[in-house]
Amino acid sequence: MNASYKRRLFLKGSLTVGAVGVAAGAGLLSPRDVLAAWPKAAFETKELSAALNELWGGSDLEESAEIEVKAPDIAENGAVVPVTVSTSMDGVESIAIAAPNNPSALVADFKLGEGALPYASTRIKMGETGDVVAIVNKGGKLYSARKQVKVTIGGCGG
């Protein structure tokens, strides 16, 4: 590398750090608004119905064949269980993932913007064998599907 290239690289990095610093100082990168809307109580409760009440004010679930839950039949490591939820429903507002046998039943809640593809994928931690429940909120009504995952080691419980 020649000196000119190194100088150009250094200046680019300095400008980037400066711009990020100004944005953070102006409050543009602050997560305040996001954290204020975080439903902390829903993620701390042990019962799925209580978590759903905290999130949406109700816990009546209707089973739906339009929801697909992909997860392994056997999770060799409960600390990292890949889960994917998708649905063919239109107008989905959010997708939540729960593991009722965990110390905290609610694992994830994805808010979807208008026109977003109703799809969510993440890795969850499971303490023991049990169901992974996908909950889809559409028009204020809750739909669900579940898949049992056998956990062989690890997870929330050690």
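The values are calculated or read from the model by the stated rules, or taken from the named source; none is laboratory data. Bear in mind the structure is a predicted one, so any value in this text is a computation, not a measurement. Every residue, glycine as well, gets a Cβ built from its backbone with ideal geometry; the counts of neighbours run over all protein chains shown.
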Practice problem: Hand me the list of strands (runs of 3 or more DSSP E) wholly inside region 48-137 holding 2 or more residues that are in contact with a helix residue (DSSP H, G or I) (Cβ under 9 Å, 6 or more places away or on another chain). | Solution: 92-98, 106-111
Self-check item: Checking residue 5 against (1) within 29 Å of the chain's Cα centre (by Cα); (2) at pLDDT 60 or above, the condition it does not meet
Solution: (1)
Practice problem: Say whether the condition of being crowded, with 17+ Cβ neighbours inside 10 Å and either assigned to a loop (DSSP other than H, G, I, E, B) or of a type in the set (Val, Ile, Thr) (or both) is met by at least one residue in region 139-147. | Solution: no
Quiz item: Does residue 82 satisfy the condition of being within 14 Å of the chain's Cα centre (by Cα), under 15 Å from residue 146 (Cα atoms) and of a type outside the set (A, V, I, L, M, F, W, C)?
Solution: yes
Quiz item: Which residue pairs have Cβ atoms under 8 Å apart, sit 6 or more places apart or on different chains, and have a first residue in region 107-121 that is under 10 Å from residue 137 (Cβ atoms) and a second that is assigned to a loop (DSSP other than H, G, I, E, B)?
Solution: 109/39; 112/118
Quiz prompt | Residue pairs meeting the criteria (Cβ under 8 Å; at least 6 apart or on separate chains; first farther than 11 Å from residue 104 by Cβ, in region 34-59; second in a loop (DSSP other than H, G, I, E, B) and at pLDDT below 85) | solution = 54/39; 55/39
Quiz item: Right, residue 68: surrounded by fewer than 16 Cβ atoms within 10 Å (Cβ to Cβ), of a type in the set (Asp, Glu), farther than 13 Å from residue 146 by Cα and touching a residue at least 60 places away in the same chain (Cβ under 8 Å) or not?
Solution: no
Self-check item: Meets criteria (surrounded by 10 or more Cβ atoms within 10 Å (Cβ to Cβ), touching a Lys or Arg at 6+ places or on another chain (Cβ under 7 Å) and either among the aliphatic types (A, V, I, L, M) or at pLDDT 70 or above (or both)) for residue 104
Solution: yes
Self-check item: Selection within region 71-86 - surrounded by fewer than 16 Cβ atoms within 10 Å (Cβ to Cβ) and of a type outside the set (A, V, I, L, M)
Solution: 72, 73, 76, 77, 82, 84
